[in-house]
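> What follows is a single structure, and I will ask about it in a moment.
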Amino acid sequence: MNENEKRRFDAISQLYQRAWEQFNARRRYEFQVGLAYWTALAAALAGSVNLESFPRIPGGKPLLVGFAIVTIALHIFWMWGIWRAHGTDQKIAIHYQTHMQTLSQTEFPQGLSENIAFRSRDMGMLSHPAAVFEIGLTALLALAFVVINWNRL
């Protein structure tokens, strides 16, 4: 590798690392926001369980169902934006990784390349198992809130 190629490799390596750093920082932020969201839902659920009777609210059961739908919809909206950004960061990193492998002549074997492509296909989409889990947890908490309070209205 000549000096020009070395400088190019180093520059690409820094861009590659930055893409993954952004991805990981956003994942940490996503987890913190998700944890706060689930904590608020769990607190509302626990608080409603401890009430002798659920306070009368205008709209009753339709409002309770509306609360659950809005809670889930807000989380889906949040996740949609976050996961689009995750997908972008991952695609940028893989782009730079490919260039580094070409420069260093260290391409992955075909089977590993296929495995990486298969495992990466859901990144950036709400069909990724992590996104499904997070939205599912929100839905479970919102549904539990509705079920626990349904007959109390």
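> Considering each residue of segment 70-85, count those that are touching a residue at least 40 places away in the same chain (Cβ under 8 Å) and aliphatic (A, V, I, L, M), and give that number. Don't jump to the end; show me each part of the working.
Going through segment 70-85, the residues touching a residue at least 40 places away in the same chain (Cβ under 8 Å) turn out to be 71-72, 75-76, 78-80, 82-85.
Still in the list and also aliphatic (A, V, I, L, M): 72, 76, 79, 82, 85.
Within segment 70-85, residues that are touching a residue at least 40 places away in the same chain (Cβ under 8 Å) and aliphatic (A, V, I, L, M) number 5.
> A follow-up question, please. So which of 88, 98 ends up being more than 15 Å from residue 149 (Cα to Cα), free of Cβ contacts under 8 Å to residues at least 40 places away in the same chain and over 23 Å from the mean Cα position of the chain (by Cα)?
98
> Still on this structure: Among the residues of segment 95-144, what is the count of those that are more than 30 Å from residue 44 (Cβ to Cβ), out of contact with any Ser or Thr (no Cβ under 7 Å at 6 or more places or on another chain), not small (Gly, Ala, Ser) and not in a loop (DSSP other than H, G, I, E, B)?
Number satisfying all stated conditions: 15.
> Now a separate question. Give the residue that is modelled with the lowest pLDDT, with candidates limited to residues of segment 1-60 that are in a helix (DSSP H, G or I), surrounded by fewer than 14 Cβ atoms within 10 Å (Cβ to Cβ) and of a type in the set (S, T, N, Q).
50
> Please find, within segment 23-50, the residue that is farthest from residue 94 (Cα to Cα) out of those that are without any contact (Cβ under 8 Å) to a residue 12 or more places away in the chain and among the polar types (S, T, N, Q).
Result: 50.
> Just to verify a result, which residue in segment 97-132, among those that are of a type in the set (Gly, Ala, Ser) and over 28 Å from residue 28 (Cα atoms), is surrounded by the most Cβ atoms within 10 Å (Cβ to Cβ)? First the steps, then the outcome.
Initially, segment 97-132 is screened for residues of a type in the set (Gly, Ala, Ser), giving 104, 111, 113, 117, 120, 124, 127, 130-131.
Then keep just the ones that are over 28 Å from residue 28 (Cα atoms); that gives 104, 111.
Details: 104: 12, 111: 8.
Per the stated criteria, the residue is 104.
> Return the pairs, sorted by first residue and then second, in which the second residue is assigned to a helix (DSSP H, G or I) and surrounded by 11 or more Cβ atoms within 10 Å (Cβ to Cβ), the first residue lies in segment 1-22 and is touching a residue at least 24 places away in the same chain (Cβ under 8 Å) and of a type in the set (Lys, Arg), the beta carbons are less than 7 Å apart, and the residues are 6+ apart or on different chains.
Final answer for the pair search is 8/103.
The values are calculated or read from the model by the stated rules, or taken from the named source; none is laboratory data. Owing to the predicted nature of the structure, the values given are computational and were not obtained by experimental measurement. Cβ: placed from backbone, ideal geometry, glycine included. Neighbour counts: every protein chain shown.
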